[in-house]
Amino acid sequence: MASGSSAGREPYDEEAASRRPLELGVRDSASDHRSGNIVPRYQVGSNKADTSKKNLEGWHKKQSGADDIRKSKSGYFTAFGVDLSPDNMAVAIVYFVQGVLGLARLAVSFYLKDDLHLDPAETAVISGFSSLPWLIKPIYGFISDSIPLFGYRRRSYLILSGFLGAFSWSLMATAVDSKYGAAFSILLGSLSVAFSDVVVDSMVVERARGESQSTSGSLQSLCWGSSAFGGIVSAYFSGSLVDTYGVRFVFGVTAFLPLMTSAVAVLVNEHRLTPGEHAMSVSGSGFIESSTQHIKQLWTSVKQPNIFLPTLFIFLWQATPHSESAMFFFITNKLGFTPEFLGRVKLVTSIASLLGVGIYNYFLKAVHLRKIFFVTTIIGSALGMTQVLLVTGLNRQFGISDEWFSIGDSLIITVLGQAAFMPVLVLAAKLCPPGMEATLFATLMSVSNAGSVTGGLVGAGLTKLLGVTRESFGNLPLLIIICNLSSLLPLPLLGLLPDEEDSDNEETKHS
């Protein structure tokens, strides 16, 4: 359920969600996020002719970003206004896997709480530690862009990422029996998702460059819609399987899911480098020259005000503390919510996440970023305060049970958080210059994810400082209030985001 701060801001969801760290959560979920978690995903070609672009924008206006599936003139079916070519199908399936990996999220939470007997602050620290792979995504982008593996820059790394994810969850299912082992295995799983996220993000950015905000929004909607659909598929069973078979069984089932990422790598339309091209890419002067060029391009791009200032805002927006771990302990230890019920709540939030993507795609993708952030942050802070009612039991005085209150609260805040997360990804994708899509987008997402991790660690510190433990929740209302009020702190810095004129100029520049 929602946690006393902005929703949808995890790296791995996102995660996620959202994130996500943004993966710009999030996720990046890039990815990063991705809310995070994460880049635009679509099949729209990067035609830069002015006439073609105007026609494309007009087509999108007529279609209103339709999210139903239909045949396009190219012969492919479309979703969210994006052609479902093999390339785009691969991207969508990788994001689907990121969503369906949520099958183990509840199992991990209950394993840390009940099997390892950790306190809320400790679980928050482990969660932050497991997010570290999302903070160094530029390294994966650099590797993917500069060092082909077996002649491929994308396919081979998707295959390896899938195998690594399967290995990490196999360890959780069989060998892990300490908090250190759990942290290491979860870290490996997070690395698997983060690396595959960078690879597909680079593919999405290549398609998004030079396109309108509306078109980029459609691509992002396809990606996050796929992730949300994966979350829906796994949501209910994530709780019932823990109740019926236990956490180890869930970890074992989860170990098979990353192999889907390895399988869909064959759909990626990528030219295999010849031995000569491969040698120039990975050795000698070719590799050194490529490395130097990437570093110079990265530094040149990041230090530009139109990239640095929006990224700074996103970091601060993500870095406000949240109380997710403390709330999980409260609803399970104090209110007695079962894994099966929490699975139902997760199902509701997964549907809500997809609804948030739809709301953005239909109504918000043409709205300016400053307006979206301002409105959603204020509303999100106000709605987050309703958790105080749940913690103090006031909801029951209004005749609302704890279960229904939790479902309603999570539904509304998740929709709001996802709608607020989407434009960040669009902005990040449009800022990336040609030739280093994976590296720069991963850098932007890593900064966002660093903010999310910082918020989690600050929240863990506040939890410890206020004396909130697995059995003591007296100061939990104060923790929730502090976290929600702190989410308003970045609002005076909204001026760091580009105004509408700047956005138009940037779009023209990349065209």
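The values are calculated or read from the model by the stated rules, or taken from the named source; none is laboratory data. Quick caveat, the model's predicted, so the values are computed rather than measured. Cβ placement follows ideal geometry from the backbone for every residue including glycine, while neighbour counts extend to all protein chains displayed. To get the accessible areas, we keep the full protein, side chains included, count just its heavy atoms, and leave off ligands, DNA and RNA. Shrake-Rupley method; radii C 1.70, N 1.55, O 1.52, S 1.80 Å.
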- request: Just one of (1) open to solvent by less than 10 Å² (accessible area, probe 1.4 Å); (2) at pLDDT 85 or above; (3) touching a Phe, Trp or Tyr at 6+ places or on another chain (Cβ under 6 Å) trips up TRP169, so point out which.
  value: (1)
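Which residues, taken from the stretch 172-185, are hydrophobic (A, V, I, L, M, F, W, C), closer than 17 Å to PHE249 by Cα and surrounded by 12 or more Cβ atoms within 10 Å (Cβ to Cβ)? Working first, answer last.
Residues of the stretch 172-185 hydrophobic (A, V, I, L, M, F, W, C): 172-173, 175-176, 182-184.
Subsequent filtering for residues that are closer than 17 Å to PHE249 by Cα retains 172-173, 175-176, 182.
Selection gives MET172, ALA173, VAL176, ALA182.
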message: Please verify whether ALA183 is within 22 Å of LEU241 (Cβ to Cβ), in a helix (DSSP H, G or I), at pLDDT 90 or above and in contact with a helix residue (DSSP H, G or I) (Cβ under 6 Å, 6 or more places away or on another chain), treating the condition exactly as stated.
response: no
Unmet requirement for ALA326, which otherwise passes all of (1) surrounded by fewer than 21 Cβ atoms within 10 Å (Cβ to Cβ); (2) in contact with a Pro (Cβ under 7 Å, 6 or more places away or on another chain): (1)
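So which of TYR152, TYR157 is among the hydroxyl-bearing types (Ser, Thr, Tyr) and open to solvent by 30 Å² or more (accessible area, probe 1.4 Å)?
Matching residue, one of TYR152, TYR157: TYR152.
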field: helices (runs of 4 or more DSSP H) contained in the stretch 201-312 and holding at least 3 residues among the hydrophobic types (A, V, I, L, M, F, W, C) and modelled with pLDDT of 80 or more
entry: 213-245, 247-254, 259-264
Residues located in the stretch 84-111, provided they are more than 17 Å from LEU241 (Cβ to Cβ) and among the hydrophobic types (A, V, I, L, M, F, W, C): LEU84, MET89, ALA90, VAL91, ALA92, ILE93, VAL94, PHE96, VAL97
message: Can you pull out every residue in the stretch 355-374 that is at pLDDT below 80, open to solvent by 10 Å² or more (accessible area, probe 1.4 Å) and assigned to a helix (DSSP H, G or I)?
response: LEU369
task: State which residue pairs qualify: first residue under 16 Å from LEU222 (Cα atoms) and inside the stretch 181-205, second residue open to solvent by 10 Å² or more (accessible area, probe 1.4 Å) in any location, beta carbons under 6 Å apart, and separation of 6 or more residues or different chains.
output: SER202/GLU437; VAL205/GLU437
field: Residue in the stretch 403-444 that is modelled with the highest pLDDT, counting only those that are open to solvent by less than 20 Å² (accessible area, probe 1.4 Å) and of a type in the set (D, E, K, R)
entry: ASP409
message: One residue is enough: does the stretch 334-342 have a residue meeting the conditions within 20 Å of the chain's Cα centre (by Cα), of a type in the set (D, E, K, R) and open to solvent by 40 Å² or more (accessible area, probe 1.4 Å)?
response: no
message: Can you confirm whether PRO477 is out of contact with any strand residue (DSSP E or B) (no Cβ under 9 Å at 6 or more places or on another chain) and either within 30 Å of LEU298 (Cα to Cα) or not in a helix (DSSP H, G or I) (or both)?
response: no
message: Checking the structure you have, find out if any residue of the stretch 133-149 is at pLDDT 85 or above, out of contact with any Cys (no Cβ under 8 Å at 6 or more places or on another chain) and not hydrophobic (A, V, I, L, M, F, W, C).
response: yes
